[in-house]
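Notes to accompany the following structure.
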Amino acid sequence: MSEEIRASHILVKTEEEANKLYEEILAGEKNFEDAAAMYSLCPSGAAGGDLGYFGKGMMVKPFEDAAFALEKGELSKPVETQFGWHLILLTDKD
């Protein structure tokens with residue numbers, strides 16, 4: 001069976017917005033789930049950004065590469081895809 005991970009994300013339009021949220025979350029000024037609910041352009045924001053479990057080949061390549069490189073509990077730096085800018089939080093790993 002291929003490796004599956006569980007991740008949450010926040011999707012925003014600009015790199016500046018992604019960087020600002022990244023810094024605020026790392027500094028403890030914002031909670032990831034609350035920030036996802038408030039700022040994410042993705043419908044998953046309503047669930048704190050939770051995307052559930054997924055394997056390789058199920059997400060766009062830049063997102064997948066960043067998500068699979070994370071350790072459990074780690075927050076990615078902003079990642080650009082055709083959808084916008086993502087912050088990815090790895091919540092579980094096989």
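Each reported figure results from applying straightforward, stated rules to the coordinates on display, with no laboratory input. Please read all numbers here as calculations on a predicted model, not as lab measurements. Please note: Cβ atoms are built from the backbone with ideal geometry, for glycine as well, and neighbour counts cover all protein chains shown.
Among the residues that make up region 16-26, is at least one of them under 16 Å from GLY73 (Cα atoms) and either crowded, with 19+ Cβ neighbours inside 10 Å or of a type in the set (Val, Ile, Thr) (or both)? Yes, region 16-26 has at least one match. Looking across region 54-94, the residues that are farther than 23 Å from ASN19 by Cβ and either among the charged types (D, E, K, R) or surrounded by 14 or more Cβ atoms within 10 Å (Cβ to Cβ) (or both) come down to PHE54, GLY55, LYS56, LYS72, ASP92, LYS93, ASP94. When you check ASP50 against the structure, is it in contact with a Lys or Arg (Cβ under 7 Å, 6 or more places away or on another chain), touching a residue at least 12 places away in the same chain (Cβ under 8 Å) and of a type in the set (Asp, Glu), yes or no? Taking the combined requirement at face value, the residue does not satisfy it. Number of residues in region 1-15 that are surrounded by fewer than 17 Cβ atoms within 10 Å (Cβ to Cβ) and within 19 Å of ASP65 (Cα to Cα): the value is 5.
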